[in-house]
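Report on the following structure.
Any read-out appearing in this document is the output of simple, stated calculations on the displayed coordinates, not a laboratory observation. Note that the structure is a prediction, hence the values are computed from the model and not measured. Neighbour counts are summed over all protein chains in view; Cβ atoms, including those assigned to glycine, are modelled from backbone coordinates with ideal geometry.
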Amino acid sequence: MAATRFADRMLAQLDELGRISESPDFLQRTFLIPQHKQAHERAAAWMREAGMEVEHDSAGNVVGRYAGTDPAAPALMTGSHLDTVRNAGKYDGMLGVIAPIACIADLNRRGKRLPFPIEVVGFANEEGTRFGSAMTGSRAIAGTFDPAMLEARDKQGVSMGEAYKAFGLDPAKVGFCARKPGSIAAFVELHIEQGPVLEQEGLALGVVTAISGAHRFRVEITGLAGHAGTVPMGQRQDALVAAAEIVQYIEKRCTGTPTLVGTVGMLEALPGAMNVIPGKAVFSIDVRAGEDDLRDLAADDILKQIRVVCAGRKLEAKITELYNSTATPCHPALMDAAEAAIKAQGVPTMRLPSGAGHDAATLAPLCPITMIFMRCTRGISHNPLEAVLPEDVELATGALLHFIENFKPVQ
Ligand code: GLV
Ligand code: MN
Ligand code: MN
């Protein structure tokens, strides 16, 4: 079979990144761990090989820059994240870093410079897996990083600020990589769809219309631990039973409203022994919707219900908001440009919203944004079964390159 222009090399690079993990059993690469550095150094090497200058910035992002003919022109920024969820697939995020490196390598081989610089960013901590608080790298670049986030703690009790120090970065300087307003002309992100729509429509690529907002909380319910064999059922203050009631409420409240989704993805009963009534339950809540009002109303109802359940069972609830973002529309002219770039590959396309969060949404206060979605097999993501077709990778990279080469700043 003939070698591909992009896909063979990119898939090998994605396999390589997929092996850089903190666990020998599955892919997990969270924020500010040694494998974060390892993956960013690998990406940096590929960026340099493609003709870029590389910087590891104050927030832990890796940034490659391919100079344009006018050094004063605002840059076109692209990229995605290099961190992962627990037991992750190897395309979520990574595709959007590897594809633009392949595009720049192609431009460089042809000796082609554009009138504007191109920046490729491997963002740090899009997922929020370690500290709950997400989008750290893109917030720092957008100038919206809040130093209060440095107080978030991981399961071992290490704060984000302490983790920055251990990584070799100064927590007081995280926000120093913020870009000046007007310095970035636009941001374009290529990402797998992480849902089934494109596959069901028989399409390789789609143009994103808007990125859903998300509201995330950490809930800690405190009751009274006791002996599983001696405390009568009516006299218990079981924190886990309350949590279970709340999980069921979340499912009921978020079912039946299009685009509204609610998830409890982490739940821990403490002290965690078979013969002890759980005195504490700690869990996460993630609520999203295409429209902000829908999400806010659902989140308010869920928080009220937590109070009601806990009052009824004589339990204490401590609720911490970890993340709150509004829905972000993509720029109409950039959506048109993305659509033209896909059609230039000789394939049809469609427009669709993103239920998942993306760095692109965080960058919207800095510059106009757009996203291209690529089909993934059975829509599966945040799962090691995540899979893509080599021919889709080829098309997606061709479309991104077309977008870059034909980019014109928009109002
Ligand atoms: C990122 O993957 C998110 O949407 O949580
Ligand atoms: Mn993800
Ligand atoms: Mn992602």
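Key figures
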item	result
Whole-Å distance, taken between Cα centres, linking segment 208-267 and segment 7-27	34 Å
Radius of gyration and Dmax over the Cα atoms of segment 214-325, both given in Å	14.8, 49
Mean-position separation - Cα centroids, segment 269-293 and segment 316-335, in angstrom	21 Å
Within straight-line cross-link reach of Lys112, lysines at Cα separation under 24 Å, skipping those fewer than 8 residues along the same chain	Lys343, Lys408
Rounded FRET efficiency, nearest 0.05, which uses the C-beta distance separating Val410 from Glu251 and R0 of 41 Å	0.50
Under-5 Å amide H pairs with Arg351, H placed in peptide plane, nonlocal only	Val207
Folded to 0 to 90 degrees: helix 239-254 orientation relative to the chain principal axis, Cα	50 degrees
Residue order, fewest to most surrounding Cβ atoms within 10 angstrom, among Phe26, Phe217, Phe123	Phe26, Phe217, Phe123
Order by protection proxy (mean Cβ within 10 Å, highest first), peptides 372-384, 324-336	372-384, 324-336
Nearest-ten-degree value, helix 7-18 long axis tilted from longest Cα axis of the chain	30 degrees
Cross-link reach list, aspartates and glutamates versus Lys314, counting only Cα pairs under 12 Å and skipping chain neighbours closer than eight places	Asp238
Cα shape, segment 97-230, gyration tensor, a/c 1.5 rule	oblate
Nearest-ten-degree value, helix 390-405 long axis tilted from longest Cα axis of the chain	60 degrees
Chain lengthening between Thr230 and Lys173 when straightened (0.36 nm per residue, less Cα-Cα)	15.1 nm
Estimated dipole of the chain in Debye, rounded to 20 [Cβ of Lys and Arg +1, of Asp and Glu -1, Cα centre]	440 debye
Cross-link reach list, lysines versus Lys173, counting only Cα pairs under 23 Å and skipping chain neighbours closer than eight places	Lys37, Lys165
Whole-angstrom gap from segment 183-201 to segment 386-411, using each part's C-alpha centre	10 Å
Given charges at beta-carbon only (K, R positive; D, E negative), |dipole| of segment 214-325 in Debye	380 debye
Residue among Leu322, Pro353, Leu363 farthest towards the positive dipole end of the chain, charges placed on Cβ	Leu322
Segment 140-250, relative contact order [Cα under 8 Å, separation at least 6], %	17 percent
Nitroxide proxy distance, nm - points 7 Å out along Cα→Cβ at Gln200 and Glu268	3.7 nm
Stokes-Einstein D (µm²/s) once Rh is taken as the Kirkwood radius of the chain over alpha-carbon pairs, at 10 °C in 1.306 mPa s	71 µm²/s
Charge sum, other residues only, whose C-beta stays under 10 Å from Ala59's C-beta, Lys/Arg counted +1 and Asp/Glu -1	+1
